[in-house]
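Written out below as structure tokens is the structure these notes cover.
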Amino acid sequence: METMTQAPYDSSDPADGGPDARPTADGDEETRSVQEELPGGEPAEATADRLWEISAALAAIQHELARQNERAAARERVIDRLHEENLRLRSGEYRSVTRPLVADLQSLRNDLLRQAATLSDPVTVPTVAELLGSFAYSIELTLERAGVQVLRATAGTPFEPGSHRVARVVCTDDPAQDGTVAEPLADGYRDVVSDRVLLPASVVVCRRSATPTPVRIPTPPAPGGPADPAH
């Protein structure tokens, strides 16, 4: 009788994935996909692309912010320079306007000192009045150079609300004097350029008094007679 020798059982069957098994092409691709996939389920290449895009966007934002900051600084420098130029122009304009006034005031001061040194004793009232009038006229010329006109009120002229200011009211029985200037007290001033009254002239105005209504006084009654009623 022939004896049959049975080969030992090899559990490493290629179909079962034993030690001698070789991965197929599909298995290799699947393994690489699993290895390249992040825990979040996104491939590493896509994540790198997104990170690069974010970095580029941040760099562009930083560049734009730096450019805007530079433009803002340039605007501030321009504003500061214009402000300084405006101050210089205004200062020069102010000096050009006030220079004639300063010159007139200097002349007026010298005139006052010269007249004070030439006064003789005794000083009469007409002399002082003449001096003060001449100084007032000098100041009037100075005001005219500055564009200010003197408003003089005249007695008998109609009262002008825009140019006159009522200081006092006096009564009159003449209808023709009602609403007229009775007495000028102080001059006013008007700006020639804008035609605006800077200071109205102070005046006394005439107002016609109301005609009194006659009142009938009742006659005392005669003894024993009826009383005369008052109407």
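Which ordering of D191, D173 is given by a fewest-first count of other beta-carbon atoms within 10 Å?
So the residues, fewest neighbours to most, are D173, D191.
Say R0 is 30 Å: what FRET efficiency, to the nearest 0.05, do F135 and L89 get from their beta-carbon distance? Kindly include the intermediate steps, with their values, before the conclusion.
Working: r = 35 Å, r/R0 = 1.17.
With a Förster radius of 30 Å, E is 0.30.
Under a Cβ-only charge scheme (Lys and Arg +1, Asp and Glu -1), can you give me the dipole magnitude of region 148-208 about the Cα centre, in debye to the nearest 20?
Values: 7 positive and 8 negative charges, 32 e Å.
Here region 148-208 has a charge dipole of around 160 debye.
Give the percent of DSSP beta bridges with both residues in region 148-208 that are antiparallel, rounded to the nearest 5. Each step should come with its number before you reach the end.
Numbers: 12 of 20 bridges.
Taking every DSSP beta bridge within region 148-208, about 60 percent pair in antiparallel fashion.
For T124, T142, T47, which order do you get if you count the other beta carbons within 10 Å of each Cβ and list the fewest first? Don't skip to the answer; put the middle values down first.
Values: T124 9, T142 18, T47 12.
If I rank by nearby Cβ atoms, fewest first, I get T124, T47, T142.
Can you give the FRET efficiency for A146 and R196, using 1/(1 + (r/R0)^6), R0 = 22 Å, r = Cβ-Cβ distance, to the nearest 0.05? The partial results should precede the final answer.
Details: r = 14 Å, r/R0 = 0.64.
E(calc), rounded to 0.05, equals 0.95.
Express in nm, to one decimal, how much length is gained between N110 and E183 on full extension, taking 0.36 nm for each residue of separation and deducting their alpha carbon distance.
Numbers: separation 73, 0.36 × 73 = 26.28 nm, distance 3.42 nm.
Taking N110 through E183 to full extension adds about 22.9 nm, to one decimal.
At 7 Å along the Cα-to-beta-carbon direction for both V128 and R81, put a label point, then send me their distance in nm to one decimal.
So the label points at V128 and R81 sit 6.3 nm apart.
Would you please give the residues with an amide H less than 5 Å from that of R207, counting only those at least 5 places away or on a separate chain, with H modeled from the backbone geometry?
Correct list: V170, C171, T172, G179.
What is the order of C206, C171, fewest Cβ neighbours within 10 Å to most? Walk me through the numbers on the way to the answer.
On the way: C206 21, C171 12.
Least to most surrounded, the residues fall as C171, C206.
Report the gain in length on full extension from A56 to A155: 0.36 nm times residue separation, minus Cα-Cα distance, nm rounded to one decimal. Let's see the in-between values first.
Values: separation 99, 0.36 × 99 = 35.64 nm, distance 8.91 nm.
Stretched fully, the A56-A155 segment lengthens by 26.7 nm.
Can you list residues from other chains, or at least 5 along the same chain, whose modelled amide H is less than 5 Å from the amide H of T157?
Sorted by chain and number, the residues that satisfy this are V181.
For region 148-208, what number results from the quotient of the Cα radius of gyration and 2.2 N^0.38 Å?
Values: Rg = 12.0 Å, N = 61, 2.2 N^0.38 = 10.5 Å.
Ratio of Cα Rg to 2.2 N^0.38 Å: 1.14.
Readers should treat all values here as calculations from the given coordinates under stated rules, not as data from a laboratory. As the structure is a computational prediction, the values presented were derived from the model and not from experiment. No Cβ is skipped: glycine too gets one built from the backbone with ideal geometry, and neighbour counts run over all protein chains shown.
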